[in-house]
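Quick note: the coordinates plus some simple rules give every number you see, no bench work behind them. Just so it is clear, the structure is predicted and the values come from calculations on it, not from any experiment. Here the Cβ positions follow ideal geometry from the backbone for every residue, glycine too, while neighbour counts run over all protein chains shown.
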Protein chains: 2
Amino acid sequence: MKCSICGQPAILNLRHHMLRLCAPHFMEWFPEQVARSIKRYRMFGPQDRILVAVSGGKDSLALWDALLRLGYQADGMYINLGIKERTCHSQTSDGLSQPGDYSGKSLERVRAFAAQRPGARYQVVDVAAEYGLNVPDLARRNHRSAKMCSLCGLVKRHIMNRAAYQGGYAAIATGHNLDDEVATLLQNALHWETGYLARQAPVLPSTHPRLVRKVKPLARMYERDSAAYALVQGIDYIYDECPYAEGAKSIFFKKLFNQIENLSTGTKSQFYLQFLKARQQGRIAFPQLEAGEEDDAPRSLLRDCDKCGQPTSSADLCAFCRLWEET
Amino acid sequence: MKCSICGQPAILNLRHHMLRLCAPHFMEWFPEQVARSIKRYRMFGPQDRILVAVSGGKDSLALWDALLRLGYQADGMYINLGIKERTCHSQTSDGLSQPGDYSGKSLERVRAFAAQRPGARYQVVDVAAEYGLNVPDLARRNHRSAKMCSLCGLVKRHIMNRAAYQGGYAAIATGHNLDDEVATLLQNALHWETGYLARQAPVLPSTHPRLVRKVKPLARMYERDSAAYALVQGIDYIYDECPYAEGAKSIFFKKLFNQIENLSTGTKSQFYLQFLKARQQGRIAFPQLEAGEEDDAPRSLLRDCDKCGQPTSSADLCAFCRLWEET
């Protein structure tokens, strides 16, 4: 297998792009693709300061790396959710974090990444230190352990937005890749969640001056390409999924979609891009805009939370403050 | 496991309906559900004459049986496509049809079904006898063997419509079940085929006086329920899929959807019914109506085929006549 560009031995066969690349050309190709998505969806400009939500996983670190290499002012933000492994055994022990400490190990990866890149700045918010409880304990106290993933999402969205707004960032960038996007799109289509279908996009514009726009520069990148980039670039990322995500529907639907992709190469990309195109061209429409998450509800429906002041569609407290109030 | 109605031993657990039924109550329940779909979607009235497209498979024979039991004037129509098994081996030999003669064996099932039901009338159209070539040969001559299923669909739609129009039938009823419908809906959603998404429904209304409306009374019935009905009712149907359908995408997507249903019971039903509801309520819309198949294009786009006179959206010949012309 030879590189489509230089003819040297290729390390990757990007079947969906009909492209085979050697390591050096793949290392060029990946950030170029990221840059194309940023331009195509008008995510942000070269002078904008970007806050990258980093988890220690391959996607967010690959994204941060690509943005830095492209010359963007991209700072990292790690939220320590206080998640432990759910078994006593731990596969690695680097002496820095406790065995079984998933969040601690993830943070180590972020620290190591930044230490190797002069000028890479990041901040850490420790949920337990700042609010008194880590996320699993918060879920337990709230009897919402079964909905751990949605509660965790709410916590992360709130904290990310606060940090981005206070830090004066133009956008929050997340590492969602194409596999994440199609798994979500498929689940929304399976239930015809028209409210979510109306909004799913590589860019979630700001609807309020204190809500920071969100962008997904990897939305068109296959997960395996993002993993390959992290590997070839020598990024030490955390391999394991979050222990609470085991058996999560998103993983089921990712595997399911891989079956479809194996049957017909390119369906993943087509499913996502054709959807965006059909919606943009008005061939598919979701006429009745429903109130959505707090961070993407129409401006007219938003007021300030009585406690934290962040915009909310609720009458008194935002969903995040209500969560702590009820605990 | 006991019958939810009478407490006698149940033979079926209809998990998606939270219902367990004994054989006699299942035999009542199935036609009742068919009757409910006919009323709910206003498919046809008690006095209407219906032409049932029967293939010899479980769905179409179960449908025909249920319609007869419900007292409808439902006549059968079998189209002999001239399909042979693609291997030399044949699992059964009943002495009536040639070993390996898939279409012949299917017709035997239709004949046997009708013979056991006094008053059940049916007609047979033999494609080779009437047009000079069977469907596999037609596909071969046209170099369209790879698209056998779509070519076969075109032939069947044309012949069914002609027979239904000439026979003065109010509707053509086909045995499409819920599994068929969701496999199609999923494939259309995966490619955002907005033209097809705009039209997929249990009823395809007539857009022209010479195009007969089409209805799918089993559209809300799980395939396994339709198979169970045929078995319990003692209907001898042809088990094998059409030999050309082996490996067809529709089978792949049916299996795929069964994985989703296993993860979350009722998703199949919800995916289909929520889609119809969202479209009806205007929560999802397909504003740009595109010209579709010949039999569901808007009236304004239709003219008469120069050869057969059936309505077509083409300038001279309808797709069916063009097919034979090009052969």
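Tabulated values for the structure
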{"quantity": "Gaussian network model of chain A, Cα within-10 Å springs - most flexible of A:LYS216, A:LYS84, A:LYS307", "calculated": "A:LYS307"}
{"quantity": "Exercise: per-residue mean of other protein chain Cβ atoms within 10 Å, B:181-188", "calculated": "1"}
{"quantity": "Residues B:GLU241 and A:LEU273, FRET efficiency given R0 of 22 Å [Cβ-Cβ distance, rounded to 0.05]", "calculated": "0.10"}
{"quantity": "Qualifying chymotrypsin sites (Phe, Trp or Tyr not before Pro) in the range B:208-253, DSSP loop, other Cβ atoms within 10 Å at most 14", "calculated": "B:TYR239"}
{"quantity": "Among beta bridges that DSSP assigns inside the protein assembly as shown, antiparallel share in %, nearest 5", "calculated": "35 percent"}
{"quantity": "Estimated inter-spin distance, B:LYS307 and B:SER145, nm [label 7 Å along Cα→Cβ]", "calculated": "2.3 nm"}
{"quantity": "Charge sum, other residues only, whose C-beta stays under 12 Å from B:GLN270's C-beta, Lys/Arg counted +1 and Asp/Glu -1", "calculated": "+1"}
{"quantity": "Integer Hz, Karplus 6.51/-1.76/1.60 couplings in order for the range B:166-177, x for Gly and Pro", "calculated": "5, x, x, 7, 7, 7, 9, 9, 10, x, 3, 9"}
{"quantity": "Chain A, relative contact order in percent, only Cα pairs under 8 angstrom and at least six apart counted", "calculated": "19 percent"}
{"quantity": "Karplus (6.51, -1.76, 1.60) ³J(HN,Hα), θ = phi - 60°, over the range B:40-56, in Hz, Gly and Pro reported as x", "calculated": "4, 9, 6, 6, 6, x, x, 8, 6, 8, 10, 9, 9, 6, 10, 10, x"}
{"quantity": "Ascending list, in nanometres, of distances separating the A:THR265 label from those of the other copies (7 Å, Cα toward Cβ)", "calculated": "4.1"}
{"quantity": "Sequence-distant residues sharing a close amide H with B:LEU19 (under 5 Å, placed H)", "calculated": "B:LEU14"}
{"quantity": "Residues with amide H under 5 Å from that of A:GLN73, placed H, sequence gap 5 or more", "calculated": "A:ILE50"}
{"quantity": "Ascending count of other beta-carbon atoms within 10 Å, so fewest first, for A:THR184, A:THR194", "calculated": "A:THR184, A:THR194"}
{"quantity": "Inter-copy separations for A:GLU325, label at 7 Å along Cα-Cβ, nm, ascending", "calculated": "7.2"}
{"quantity": "Trypsin sites (Lys or Arg not before Pro) restricted to DSSP loop in the range A:18-61 with at most 14 other C-beta within 10 Å", "calculated": "A:ARG42"}
{"quantity": "Table column - 3J(HN,Hα) (Hz), the range A:142-150, Karplus curve with 6.51, -1.76, 1.60, x for Gly and Pro", "calculated": "8, 6, 10, 4, 5, 10, 3, 5, 6"}
{"quantity": "For q = 0.10 Å⁻¹, Debye-computed log10 I/I(0) when each Cα of the range B:31-301 counts as one equal scatterer", "calculated": "-0.52"}
{"quantity": "Share antiparallel - DSSP beta bridges, the range A:30-263, percent rounded to 5", "calculated": "10 percent"}
{"quantity": "Number of partner chain Cβ atoms within 10 Å, mean per residue of B:272-285", "calculated": "4"}
{"quantity": "Members of B:LYS84/B:LYS249; A:LYS254/B:LYS249; B:LYS105/B:LYS268; A:LYS268/B:LYS216; A:LYS214/B:LYS277 lying beyond 29 Å, as alpha-carbon distances in this model show", "calculated": "B:LYS105/B:LYS268; A:LYS268/B:LYS216; A:LYS214/B:LYS277"}
{"quantity": "Copies compared at A:GLN288 - label distances in nm, ascending, label defined 7 Å from Cα in the Cβ direction", "calculated": "2.6"}
{"quantity": "Within chain A, helix-based [θ] at 222 nm, where runs of 4 or more DSSP H residues each add -39,500 (n - 2.57), nearest 500", "calculated": "-13000 deg cm²/dmol"}
{"quantity": "Reciprocal of mean inverse Cα separation for the protein assembly as shown (Kirkwood radius, Å)", "calculated": "28.6 Å"}
